[in-house]
Amino acid sequence: MAARTNGKMVIRQHGEGPAAMLAMGTANPTNLLLPQDVFTDNLFRLSKCDHLTELKEKMNRICQKTGIEKRHFHLTEETVDAHPEFLDRELPSLDARIEMVTIAVPKLAQSAAAKAITEWGRPATDITHLVFSTYSAWEAPSADLKLATLLGLRPTVCRTILSLHGCYGGGRALHLAKELAENNRGARILVACAETTLVCFGSPDGANLVGHALFGDGAGAIIVGAGPFDEGERPLFEMVTATQTTIPRTEHVLGMQATAGGIDFHLAIQVPMLIGQNVELCLLDAFDGDAPRSWNELFWAVHPGGRPILDNIDTVLKLEPGKLAASRHVLREYGNMSGATIVFVLDELRRRRKEEDGGHLLPEWGAMLAFGPGITIETMLLRSPR
Ligand SMILES: CCCCCCCCCCCCCCCCCC(=O)SCCNC(=O)CCNC(=O)[C@H](O)C(C)(C)COP(=O)(O)OP(=O)(O)OC[C@H]1O[C@@H](n2cnc3c(N)ncnc32)[C@H](O)[C@@H]1OP(=O)(O)O
């Protein structure tokens, strides 16, 4: 931002202090809510695979170990009945899937973003930047423009779409929003993440059981800005430092790929172990020599990629029971909603902070972790304002 003083142009382009999350909202599709204990029966019946008894038993074993109780989906049995090609990877179905997500994904994001904007209390036209992350963006102009239009953002809003970042998409979008807010005085960034599994859904086979057992649909939105803050704006979490780390030689263990029959994905069995082995290094890097003596001094916002990922982090960092309670709660209630999940975890943490008011505040400092294809780890050091 520039101003004229005594005939000179004075440049004030940076925000004050670290960026902060100012408001947040979440949403899930209302089409289908499936308890985890009936998921296997539904999937095998719908895909006419009940005769694959060994596969079905394995799916049941996996479902029981996920730590998930229920998940929301945009896709319904009626839609699958109307599109039998969704069940057969040999048949082309990408076009039909894209047609559906092109409408559904921006709408889902709109529901979450509208909640965040209402909580923020300023008009949607005050948003200067939009960062939208999804693994369901397959056209140009993309879901970011659709969302901007649905929300009535101003035509000068600066839009960025992050595509196929998978489960670290939310972390990456927040990291980017922090940099935008701190480098553009007065900027207010809407971060939106919306994911729906309908681009990946298919008949159960040996390769896709874990994905089908874990993933669900949801959207999260956060408004990010740096000082000076408007009257009425209250930082929920300060975003102190952020780093991204790629674990070398792991690009083959986690990924997604577009095919004529939908999006294929693979999750190697080593993923939880690899994350566990590398997470402490990422944290030390983010703390840049100023790490606490015990990781228990922090509060934790960890992407619940899967139950063993959380278990390994507990073990490696020697965390006390309950430190990852917000992550486990979100996993239990919604499953892994890929990039949107981290917003649910942050929202759950601030809800718990409110409930605990009057005695057990969150520790002042915290860490956010999100993981995805790469393997990429997004780490952010947070501060809960006193
Ligand atoms: C109308 C309906 C609509 C429905 C729509 C649904 C659509 C879903 C589509 C989803 C697509 C989304 C794709 C997104 C991709 C991005 C991924 C990421 O970025 S992020 C990160 C993603 N997160 C992760 O990568 C973590 C995922 N992992 C986990 O959460 C757990 O390991 C677990 C729950 C799967 C098992 O619990 P654990 O305590 O380990 O229990 P055990 O050791 O006892 O094993 C039990 C059985 O599971 C086996 N098995 C285990 N792992 C794998 C594997 N990878 N591979 C294969 N198999 C595996 C194991 O061999 C054993 O078999 P068996 O001996 O019984 O025959």
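Stretching Ala114 away from Lys354 to a fully extended chain increases their span by 84.2 nm, per 0.36 nm per residue minus the current alpha-carbon distance.
The residues of segment 16-227 expose, per residue, 39 Å² of accessible area to a 1.4 Å probe. Relative to the Cα centre, the charge distribution of the chain, modelled as +1 at Lys and Arg Cβ and -1 at Asp and Glu Cβ, gives a dipole magnitude of about 940 debye. Protein-only accessible surface at a 1.4 angstrom probe places the residues Trp138, Trp365 in the order Trp365, Trp138, largest first.
Of the three principal axes defined by the Cα atoms of segment 16-227, the extents in descending order read 62, 33, 25 Å. Using the alpha-carbon atoms, what tilt in degrees (0 to 90, nearest 10) does helix 53-65 show relative to the longest principal axis of the chain? For helix 53-65, the angle is close to 30 degrees. So how tilted is helix 36-46 from the main axis of the chain? Cα-based, degrees 0 to 90, rounded to 10. Once rounded, one gets 50 degrees.
Label separation (His14 vs Leu150): 3.7 nm, computed from points 7 Å beyond Cα along the C-beta direction. Peptides 209-216, 230-237 ranked from most to least packed by the mean count of surrounding Cβ atoms within 10 Å: 209-216, 230-237. If you take all other residues with their beta carbon under 13 Å from the beta carbon of Gln36, and give Lys and Arg +1 and Asp and Glu -1, the sum is +2. Over the chain, DSSP H runs of length four or greater, each weighted -39,500 (n - 2.57), average out per residue to a 222 nm ellipticity of -11500 deg cm²/dmol. Computing FRET efficiency as 1/(1 + (r/R0)^6) for Ala268 and Lys70, where r is the C-beta to C-beta distance and R0 is 41 Å, gives about 0.95.
Our note on the geometry: Cα centres of segment 185-243 and segment 323-386, 12 Å apart. A protection proxy built from the mean count of other Cβ atoms within 10 Å ranks the segments 182-195, 249-262, 270-283, most packed first, as 182-195, 270-283, 249-262. Once the Cα-Cα distance is subtracted from the 0.36 nm per residue extended length, the Leu94 to Phe229 segment shows a gain of 44.1 nm.
The calculated FRET efficiency for Asp285 paired with Leu34, based on their beta-carbon distance and R0 = 41 Å, is about 0.55.
When each pair of different Cα atoms in segment 237-383 is counted once in the 1/r mean, what is the Kirkwood radius in angstroms, to one decimal?
Hydrodynamic radius (Kirkwood, Cα only) of segment 237-383 equals 15.9 Å.
Pairs of Lys residues in the chain that lie 8 or more places apart, or on two chains, and have C-alpha atoms under 16 angstrom apart add up to 4.
Which translational diffusion coefficient, to the nearest whole µm²/s, is obtained for the chain from the Stokes-Einstein equation, given a Kirkwood hydrodynamic radius over C-alpha pairs, 37 °C and 0.692 mPa s?
154
Between 0 and 90 degrees, the angle of helix 325-334 with respect to the longest Cα principal axis of the chain falls at about 50 degrees.
Using a simple spin-label model with pseudo-atoms 7 Å out from Cα toward Cβ, Arg293 and Asp205 lie 5.5 nm apart.
Between Glu78 and Glu139, residue separation times 0.36 nm minus the direct Cα-Cα distance comes to 19.4 nm.
I'd like the distance between the alpha-carbon centres of segment 118-141 and segment 26-45, rounded to an integer number of Å. One Cα centre to the other: 28 Å.
The values are calculated or read from the model by the stated rules, or taken from the named source; none is laboratory data. For clarity, every value in this text was computed on a predicted model and none was experimentally measured. Counting neighbours? That spans all protein chains shown, and the Cβs are built from the backbone with ideal geometry, glycine included. These area figures cover heavy atoms from the full protein model, side chains too; ligands, DNA and RNA do not enter into them. Shrake-Rupley method; radii C 1.70, N 1.55, O 1.52, S 1.80 Å.
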